[in-house]
1. Place a label point 7 angstrom from the Cα of residue 345 along the Cα-to-Cβ direction, then list the residues of the stretch 404-446 whose backbone nitrogen is under 18 Å away.
2. Go through 529, 260, 96 and list them by solvent-accessible area, largest first, probe radius 1.4 Å.
3. If amide H atoms are built 1.01 Å from N in the plane of the peptide, which residues on other chains or at least 5 residues away come under 5 Å of the amide H of residue 444?
4. Mind giving me the nanometre distance, one decimal, between the label points for residue 646 and residue 101, set 7 Å out from Cα along Cα→Cβ?
5. Provide the three semi-axes, in whole Å and in decreasing order, of the ellipsoid equivalent to the stretch 346-451 as defined by the square roots of 5 times the Cα gyration tensor eigenvalues.
6. With a sphere of radius 13 Å drawn around the Cβ of residue 410, what net charge do the other residues whose Cβ falls strictly inside it have (Lys, Arg +1; Asp, Glu -1)?
7. Can you list residues from other chains, or at least 5 along the same chain, whose modelled amide H is less than 5 Å from the amide H of residue 430?
8. Residue by residue, what Karplus-based ³J(HN,Hα) values in Hz, rounded to whole numbers, does the stretch 275-282 have, using 6.51, -1.76 and 1.60 with θ = phi - 60° and x for Gly and Pro?
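The values are calculated or read from the model by the stated rules, or taken from the named source; none is laboratory data. Source: prediction; values computed, not measured. A quick note on method: Cβ atoms are made from the backbone with ideal geometry, for glycine too, and the neighbour counts reach across all protein chains shown. Keep in mind that these areas ignore ligands, DNA and RNA; they rest on the heavy atoms of the full protein, side chains included. Shrake-Rupley method; radii C 1.70, N 1.55, O 1.52, S 1.80 Å.
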Amino acid sequence: MVKKLKKLYGKDAREFFNQVMVEQPLLPFLIPLGLFTWFVERWVVPFSNWVPLAAAVWATIQYGRFKRRIIVEDLNKRWKHLILNITPTTPIEPCEWLNKLLTEVWPNYMEPKLSRRFQSTVERRLKNRKPKLIDKIELQEFSLGSCPPTLGDEGMRWITSGDQQVMSLGFDWNSHEMSVMFLAKLAKPLIGTCRIVINSIHIKGDLLLSPILDGEAILYSFESTPEVRIGVAFGSGGSQAIPGMELPGVSTWLVKLLTETIGKTMVEPRRLCFSLPAVDLRKQAVGGVLSVTVVSASNLCKNTGNRQSSNGGTMSGTADNKVSQTFVEVEVGNLMRKTSTSKGLNPTWNSTFNMVLHGETGIVKFLLYELDSGGVKFNYLTSCEIKVKYVHDGSTIFWAIGHNSGVVAKHPEHCGQEVGMVVPFEDIDGELTVSLVLKEWQFSDGSVTLGNSLSSGLQSSSDGSPKLQSLTGRRLRVRVFEGRALTASSKSGKCDPYVKLQYGKALYRTKTLSHTVRPVWNDKFEFDEIAGGEYLKIKCYNADIFGDESIGSARVNLEGLLDGASRDVWVPLEKVDSGEIRLEIEPIKNDHNNSMQSSSSKAGAGWIELVIVEARDLVAADLRGTSDPYVRVQYGNKKKRTKVIYKTLSPQWNQTLEFPETGEPLILHVKDHNAVLPTASIGHCTVEYSMLSPNQSADKWIPLQGVKSGEIHVKIARRVPVSDSERKATLGTDPSGKGHKMATQMRDSLKKFTGLIEEGGDPEALSLAVTEMEGIQSEQEEYIEVLEREKAMLLHKIQELGSEIIRTTSGPPRTPY
């Protein structure tokens with residue numbers, strides 16, 4: 001027993017000595033110094049007895065600190081063992097510090113980021129859901145306000161389920177500072193527009209936070225559907241307040257819409273992901289290309305409940321839970337692909353598809369179907385899904401719900417890395433094995449991540465397109481090379497494909513090829529590039545005598561392509577089971593616009609002449625279904641306005657305004673006049689004039705931004721003084737060649753248009769021919785204006801020459817002597 005105690009104390013002394021040496025690195029120097037001092041005090045000069053006493057006190061303090069640390073570490077070990085292995089739930093802990101931290105970071109960081117995310121979610125939901133009293137509705141403003149939610153008001157606790165740790169805390173958000181504004185067009189029998197404003201919100205529930213990937217991301221969700229209340233105010237287009245009872249049921253609809261949005265995105269088992277990257281590349285991902293391989297399923301076993309059949313009905317379950325032939329349908333947005341069929345409880349498909357992501361997040365859904373014994377009908381069995389998210393350090397996160405509400409997560413650091421995931425099905429026993437490869441991320445600045453590198457490129461398809469179409473001065477050459485795996489006709493089994501391309505108002509089509517699902521067109525088309533992210537729309541058709549059949553469509557974002565770069569890309573067709581189109585897109589120089597810009601830069605100082613002609617299809621800002629519109633023009637620091645036209649949605653002003661040219665943007669604001677209340681905006685636009693050559697005018701209809709509909713008709717010209725050399729050059733030109741060329745173009749266009757009418761033509765081809773003729777007519781009108789100016793200049797020159805002749809031929813005046 002004495003030996004054991006000696007060993008125990010000896011071990012304790014060694015640990016204590018080692019700990020003191022770590023905390024006091026100067027101790028090896030202090031001990032000899034102390035011994036030397038003691039030697040001097042003992043044998044040379046006696047000081048006092050304080051040295052041994054100080055050493056004893058110091059040693060006692062250090063030993064006490066060491067014992068306390070040992071006790072704390074032991075308690076922490078016991079607590080961790082209790083949490084992980086014995087008790088799945090910890091006691092409630094206070095979290096006032098969390099709310100204080102949230103108050104600091106909410107206004108400048110979290111509120112803007114969450115507002116953008118929830119705004120896009122609400123806009124998507126508004127497209128499919130609206131009450132009967134509203135014909136159209138759009139989101140105009142979205143701000144969560146400066147008041148953050150309160151987290152863990154009654155404390156928080158950690159819950160352990162297997163290897164997964166989840167923080168559970170209360171969520172209480174009661175804010176009166178938020179501002180969410182909708183503009184609604186009322187349905188019949190009501191007339192006019194109405195603004196709906198959400199100015200307060202109350203959400204209360206239990207929030208779950210789950211750290212994944214060693215703390216590199218957090219999944220968050222509500223444990224159950226939270227309690228939701230909102231405050232709604234109504235007003236007219238001119239901000240005139242009207243009673244809320246004017247639109248019954250709208251408040252209930254908004255609460256239901258918000259509750260369903262939360263329920264479908266972040267109520268268990270659905271969770272959202274918040275990444276915590278160590279590095280932020282400050283790039284906004286706008287799309288991506290994802291390769292999905294459906295490998296196999298295992299241990300499939302049907303439940304005995306009802307299931308949905310292919311004809312929309314339900315089928316009763318039976319005692320036989322075996323699965324015969326199955327296939328998987330992969331969905332990403334509107335893009336769908338199907339695997340082949342496979343038999344047995346452990347089917348294997350090994351089918352690979354290229355899918356397109358829209359934005360920095362996406363959901364890959366896997367729908368499992370079963371074919372009946374006849375191989376005709378198919379029944380829906382179950383589904384599962386994997387979510388994809390771009391991380392701002394250039395990596396990607398894949399995650400899904402695992403067994404027992406756990407999480408399956410993968411984090412490839414670079415594009416091109418293959419990850420395998422095993423995801424359980426939702427409603428039946430069994431799990432799905434898939435392989436995922438994020439081939440590339442595409443960014444708003446035009447760059448593309450390929451593998452471990454970053455290069456310039458072109459973004460793939462994305463939803464939405466801008467309303468304002470202003471030219472950049474470049475042209476885009478689009479070559480439609482070929483197609484593959486196109487869908488044949490369901491009636492005849494044949495495929496005679498052709499492709500239509502639409503970019504802005506320009507519309508082209510390829511030639512039609514017969515009896516092939518792998519056509520090779522190799523057709524080239526050129527478009528004037530449009531600023532602001534206009535999308536190239538692709539529609540593929542199967543030509544048929546009884547009406548052409550659509551066999552897929554897609555959208556390609558042409559924004560961000562750099563000069564000298566081209567992109568060869570296979571674009572998957574959406575809304576069909578298979579099919580891809582190969583395109584090559586490259587920017588080319590527009591020599592005509594370059595010459596116009598050089599001539600405009602050499603011109604002297606002048607003025608901008610703006611003629612505001614009329615407008616059409618304006619939004620109704622008053623309850624009576626009309627507006628009192630006028631236009632306020634802003635050019636730099638100068639502002640001018642037109643007269644007010646009362647009670648109309650198609651006003652005609654015909655007013656001319658002039659500004660000294662400074663090169664600044666020319667902005668038009670269309671307003672609704674109110675005598676007492678503040679004026680309301682019913683649209684705005686920017687008039688482009690920098691591409692105009694000196695003394696050239698342009699006549700254009702410009703769509704209004706910020707509203708659902710409306711266009712304004714303007715004429716714009718850059719007026720500059722004409723020098724004598726320019727007059728001589730203008731008068732010395734021979735315009736007969738240009739006039740003959742335009743007459744020939746018009747004649748050819750008329751012949752083409754007549755031929756299309758006689759053939760009973762395609763409406764889109766007729767529309768294209770009309771557009772060509774309108775362009776030629778505009779050139780003719782501009783040419784006539786040039787001729788009229790030259791005529792006036794020539795007559796003025798003749799008058800000056802006649803006056804000079806009369807002055808020189810008349811005799812000198814007589815001088816009196």
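1. 424-433
2. So the residues, ranked largest to smallest area, are 96, 260, 529.
3. 284, 286
4. 6.3 nm
5. Ellipsoid semi-axes (Å, largest first): 29, 16, 12.
6. -2
7. The list, which skips near neighbours in sequence, is 425.
8. Each residue of the stretch 275-282 in turn: 7, 10, x, 6, 10, 10, 6, 6 Hz.
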